[in-house]
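Below: one structure, written as structure tokens.
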Amino acid sequence: MRTTYIHELEEFHNHLTRLGHAANESVHKAVKAYVEHDLELAHEVFSDDLRINASTADIEKEAYRLIALQQPVAGDLRMIFTVLHASMDLERIADHGVNIARSLLRREPDAGEVSKVADKISAMAEITQAMITDVISAFINQDIEAAREIATRDSQVDMLLKDIYRETSYRMQQDTELINLGLNYIGVATNLERMGDYVTNICERVIFLNSGEIVELN
């Protein structure tokens, strides 16, 4: 019976890892679709989101089942709650990826591009995607120090968002024809910033899982 329980916990842990990789891949597709104006890839993001939502629901059901049938305590209970809450954060990260894909569909075909802003969005996306990749590794390796370091990168994402707001506001004031494009850029940047916040949440959960310490890193 105990062997079965340990196997169930390991599989529950692994389920979050798989969800993390799926969410990360979905975000990568969304950003690539937006940057390269790839409508087909954007539609793949929508299909991926359905599977991610189903996987998150499965984790929630399994968490409740483990708690009800196994009555876990101490570290096991922390692990179950960590996986449960982190899965919700990952689902929201993927949802923001969907929003980015939708931004491409809303973008006018001949909208043009403001290279300075587009470059900042690409930089912002690169940092955010690296944070997602690294926090999954931190969870797998139970690495508290890595989790703390990853969370510090969120300030870079926040700074880039402010820069994009300033630049797009200036551009839209100078040329009203850029208003729709500017708002589109701001929407994408805001979704990337929210992803950074959710990664920070997961960093906090990694620390809680391995130390029992409740921290606020944001």
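The values are calculated or read from the model by the stated rules, or taken from the named source; none is laboratory data. In this text, all values refer to a predicted model and were calculated from it rather than measured experimentally. Note that we place each Cβ from the backbone using ideal geometry, even for glycine, and neighbour counts take in every protein chain shown.
What the table shows:
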read-out: Residue within segment 158-175 that is out of contact with any Ser or Thr (no Cβ under 9 Å at 6 or more places or on another chain), under 23 Å from F81 (Cα atoms) and at pLDDT 95 or above present; value: no
read-out: Filter result (under 22 Å from the mean Cα position of the chain (by Cα), among the hydrophobic types (A, V, I, L, M, F, W, C), crowded, with 17+ Cβ neighbours inside 10 Å and farther than 17 Å from R107 by Cα) within segment 24-74; value: V27, I52, I59, A63
read-out: Selection status of T128, within 16 Å of N24 (Cβ to Cβ) and at pLDDT 95 or above; value: yes
read-out: Unique residue being closer than 24 Å to E91 by Cα and in contact with a Leu (Cβ under 8 Å, 6 or more places away or on another chain) when the list is A151, A130; value: A151
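Here is a yes/no grid of residues against (1) modelled with pLDDT of 95 or more; (2) under 27 Å from I144 (Cβ atoms); (3) assigned to a helix (DSSP H, G or I):
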position	(1), (2), (3)
L9	no, yes, yes
F46	yes, no, yes
D49	yes, no, yes
L77	no, yes, yes
D89	yes, yes, yes
N99	yes, no, yes
